[in-house]
1. Give the share of C-alpha pairs in each 10 angstrom bin for the chain, from 0 to the last occupied bin, in whole percents, shortest bins first.
2. If you average the C-alpha positions of region 94-157 and of region 30-72 separately, how far apart do those two centres end up, in angstrom?
3. Counting pairs of alpha carbon atoms under 8 Å apart in space and at least six apart in sequence, what relative contact order in percent does the chain give?
4. Counting Lys +1, Arg +1, Asp -1, Glu -1, what net charge surrounds Val34 among other residues with beta carbon under 15 Å of its beta carbon?
5. Please report, as a whole percent, how much of the solvent-accessible surface of region 91-157 comes from carbon and sulfur atoms (probe radius 1.4 Å).
6. Report the Stokes-Einstein translational diffusion coefficient (µm² s⁻¹, integer) for region 1-92, Rh taken as the Kirkwood radius over Cα pairs, at 10 °C with viscosity 1.306 mPa s.
7. In terms of solvent-accessible area of protein heavy atoms at a 1.4 angstrom probe, what is the ranking of Cys159, Cys147, highest value first?
8. Enter the accessible area per residue of region 95-178 (Å², integer; probe 1.4 Å; all protein chains in place).
Amino acid sequence: MVINVARIRKDFGSSEEFNLDVEIKSLDVSGEAVEFTRPVEVQVRATNLGNAILLQGRIQTEVKLTCSRCLESFHLGVDTEFAEEMVHVSDVPAYIADHPESEEEENYSVYSADELELTPRIIEHLVLALPMKPLCFEECKGLCPKCGRNLNLDGQCNCDLRQIDPRLAGLAKLLSKE
């Protein structure tokens with residue numbers, strides 16, 4: 001995904017909009033494969049701020065994930081917004097002079113050509129938009145820890161789930177004598 005900012009880079013305050021569709025088959029996120037079930041749609045507005053180009057946009061797609069409780073596959077719509085400042089390598093000293101806090105925080109990216117490669121940034125924002133513990137639905141009951149039955153599909157099982165802390169086993173024996 002490449003956008004050309006040559007025209008707006010020369011004219012302070014100018015902006016341009018880009019609509020892009022990107023085909024991403026899958027990503028590896030923390031060792032888990034995330035499959036995309038539809039193309040990634042990206043709308044970006046690039047605005048010249050003087051010493052920087054502000055990229056503001058929206059990313060929409062749908063992914064196939066595995067529920068962290070019941071291990072069933074499900075589809076999740078992803079709709080996230082982003083904003084990022086891009087500074088041309090020749091403008092970095094002027095940008096830092098205007099934004100001294102940016103030198104320590106590094107809250108901007110540097111580019112050298114008029115064509116900006118957005119794919120790594122889009123992937124980064126997609127990964128950040130995904131849940132850390134994906135759930136097929138909020139009240140997912142998960143799997144029985146003893147027999148492995150899916151409690152959402154198969155209903156409650158007959159397993160005895162009362163567990164006694166081994167440190168308190170002696171106390172349980174005392175209580176059972178009474």
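1. 8, 25, 21, 16, 11, 9, 6, 2, 0
2. Region 94-157 and region 30-72 have Cα centres spaced 9 Å from each other.
3. For the chain, the relative contact order is 19 percent.
4. -2
5. 51 percent
6. Translational diffusion coefficient: 104 µm²/s.
7. Cys147, Cys159
8. 77 Å²
The values are calculated or read from the model by the stated rules, or taken from the named source; none is laboratory data. Note that the structure is a prediction, hence the values are computed from the model and not measured. Note that each Cβ is placed from the backbone with ideal geometry, even for glycine, and that neighbours are counted across all protein chains shown. To get the accessible areas, we keep the full protein, side chains included, count just its heavy atoms, and leave off ligands, DNA and RNA. Shrake-Rupley method; radii C 1.70, N 1.55, O 1.52, S 1.80 Å.
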